[in-house]
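What follows is a short report on a single structure.
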Amino acid sequence: MAEAAIRVERRGGVVRCTLDRPPLNLFEPGLIAALRTTFETLAADATVRVVVLTGAGRAFTGGMNVHVLRDLDAAGATALITSLHDAIDVVHRAPFPVVAAVNGHALGAGFELAIACDLRVAAAEATFGLPEVRVGVPSVIQAALLPPLVGPARAAELLLTGQTIDAERALAWGLVNRVVARADLDAAVDAVVEAITACAPGAVRLQKQLIVRWRETDLTSAVRAGIAAFAAAYATGEPREGATAFLEKRPPRFGEPR
């Protein structure tokens, strides 16, 4: 099922996952299950350094298939939205960085998937929005990540109007990290990936864990978690190699995470 809905390509520690239900890569139970299965499998592999997530066709993903939504009752709605949350949460909590290459529309659940990623690089024609209120339901699950990302007022504007914004406004709001021409999207994403993979693998994984932890805890607990992560880094050889390389004015030679 995962192979049918998501195309996975690997080069060393870098994995590219493409939602492969063009043109809009709409979510339905098969794609939801494939997303969860794919990222659970990758999360269990300690050699994965970074994952790029994108969509085939003209969209990152246009969100939920409205045909699936139309005939739900309350019990079916609960089951569907829970399964969608669980799938996107696996992406959010992946032990490695996830870079969203937003090649087109990122709407509804597709928007939530994008903001569950750690970094977002968008093509100039990409659009972002949460149109759920326009079809009779609120935006839920990972939409909760939006207010800390863009601020409560901007989040409320998106959530209460259902309107979309373009890539340039998304950049101005801090929703995406970079906006480039569609033809330059792969190169821009590759540059981000190269910057990540130049760093210490174990330290990057510890940092990713902290980023997720910081979103969910108070300041005192966040600081304590950081202290524990700093100490944990010294259980590896990375701090010694990093400091030695700096002092010797050479690139560090980090191994794969253990």
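The values are calculated or read from the model by the stated rules, or taken from the named source; none is laboratory data. What you are looking at is a predicted structure, and each value in this text was computed from that prediction instead of being measured. Cβ atoms come from the backbone with ideal geometry, glycine included; neighbour counts cover every protein chain shown.
Given the structure, is Ala144 in the same structural domain as Leu84 (by TED's automatic domain parsing), surrounded by fewer than 17 Cβ atoms within 10 Å (Cβ to Cβ), within 19 Å of the chain's Cα centre (by Cα) and of a type in the set (Gly, Ala, Ser)? Step through it out loud before you land on a result.
Details: in the same structural domain as Leu84 (by TED's automatic domain parsing): yes; surrounded by fewer than 17 Cβ atoms within 10 Å (Cβ to Cβ): yes; within 19 Å of the chain's Cα centre (by Cα): yes; of a type in the set (Gly, Ala, Ser): yes.
For Ala144, the condition - in the same structural domain as Leu84 (by TED's automatic domain parsing), surrounded by fewer than 17 Cβ atoms within 10 Å (Cβ to Cβ), within 19 Å of the chain's Cα centre (by Cα) and of a type in the set (Gly, Ala, Ser) - is met.
Here's a check for you: in segment 49-68, which residue that is more than 15 Å from the chain's Cα centre (by Cα) and among the β-branched types (Val, Ile, Thr) is farthest from Val137 (Cα to Cα)?
Looking at residues that are more than 15 Å from the chain's Cα centre (by Cα) and among the β-branched types (Val, Ile, Thr), I get Val68.
As an exercise: evaluate Arg120 against (1) in a helix (DSSP H, G or I); (2) of a type in the set (D, E, K, R); (3) crowded, with 22+ Cβ neighbours inside 10 Å and give the number of the one condition it does not meet.
For Arg120, the exception is condition (1).
Residues that are on the phi < 0 side of the Ramachandran plot, surrounded by fewer than 23 Cβ atoms within 10 Å (Cβ to Cβ), among the charged types (D, E, K, R) and in contact (Cβ under 8 Å) with a residue 60 or more places away in the chain: does segment 44-65 have at least one?
The answer is yes, given that some residue of segment 44-65 is on the phi < 0 side of the Ramachandran plot, surrounded by fewer than 23 Cβ atoms within 10 Å (Cβ to Cβ), among the charged types (D, E, K, R) and in contact (Cβ under 8 Å) with a residue 60 or more places away in the chain.
So in segment 123-141, with the set limited to residues that are touching a strand residue (DSSP E or B) at 6+ places or on another chain (Cβ under 9 Å) and not hydrophobic (A, V, I, L, M, F, W, C), which one is surrounded by the most Cβ atoms within 10 Å (Cβ to Cβ)?
Gly129
Exactly one of these conditions fails for Thr217: (1) within 22 Å of Gly13 (Cα to Cα); (2) not in a helix (DSSP H, G or I). Give me its number.
Going through (1) within 22 Å of Gly13 (Cα to Cα); (2) not in a helix (DSSP H, G or I) one by one, Thr217 breaks only (1).
Among the residues in segment 153-164, are any surrounded by fewer than 19 Cβ atoms within 10 Å (Cβ to Cβ), closer than 18 Å to Leu24 by Cα, of a type in the set (Ser, Thr, Tyr) and assigned by TED's automatic domain parsing to the domain that holds Val14?
yes
Run Val14 past the list (1) among the aliphatic types (A, V, I, L, M); (2) surrounded by fewer than 15 Cβ atoms within 10 Å (Cβ to Cβ); (3) over 24 Å from Phe128 (Cα atoms) and report the number of the one that doesn't hold.
Val14 satisfies all of (1) among the aliphatic types (A, V, I, L, M); (2) surrounded by fewer than 15 Cβ atoms within 10 Å (Cβ to Cβ); (3) over 24 Å from Phe128 (Cα atoms) except (2).
Do we have any residue at all in segment 149-168 that's more than 17 Å from Ala100 (Cβ to Cβ), more than 16 Å from the chain's Cα centre (by Cα) and among the hydroxyl-bearing types (Ser, Thr, Tyr)?
There is at least one residue in segment 149-168 that is more than 17 Å from Ala100 (Cβ to Cβ), more than 16 Å from the chain's Cα centre (by Cα) and among the hydroxyl-bearing types (Ser, Thr, Tyr).
So, Glu112, is that one surrounded by 15 or more Cβ atoms within 10 Å (Cβ to Cβ), of a type in the set (Asp, Glu) and in contact with a helix residue (DSSP H, G or I) (Cβ under 6 Å, 6 or more places away or on another chain) or not? Steps first, answer last, please.
On the way: surrounded by 15 or more Cβ atoms within 10 Å (Cβ to Cβ): yes; of a type in the set (Asp, Glu): yes; in contact with a helix residue (DSSP H, G or I) (Cβ under 6 Å, 6 or more places away or on another chain): yes.
Yes; evaluated as a whole, the condition is true for this residue.
State yes or no: is Val212 in contact with a strand residue (DSSP E or B) (Cβ under 6 Å, 6 or more places away or on another chain) and under 26 Å from Val52 (Cα atoms)? Full working, then the answer.
Values: in contact with a strand residue (DSSP E or B) (Cβ under 6 Å, 6 or more places away or on another chain): no; under 26 Å from Val52 (Cα atoms): yes.
When the stated conditions are applied, Val212 does not pass them.
State whether the residues of segment 172-189 include one that is on the phi > 0 side of the Ramachandran plot, small (Gly, Ala, Ser) and surrounded by fewer than 17 Cβ atoms within 10 Å (Cβ to Cβ).
First, the residues of segment 172-189 that are on the phi > 0 side of the Ramachandran plot: 174.
Pick out the ones that are also small (Gly, Ala, Ser) and you get 174.
From the residues that got through so far, the ones that are surrounded by fewer than 17 Cβ atoms within 10 Å (Cβ to Cβ) too are 174.
Within segment 172-189, one or more residues are on the phi > 0 side of the Ramachandran plot, small (Gly, Ala, Ser) and surrounded by fewer than 17 Cβ atoms within 10 Å (Cβ to Cβ).
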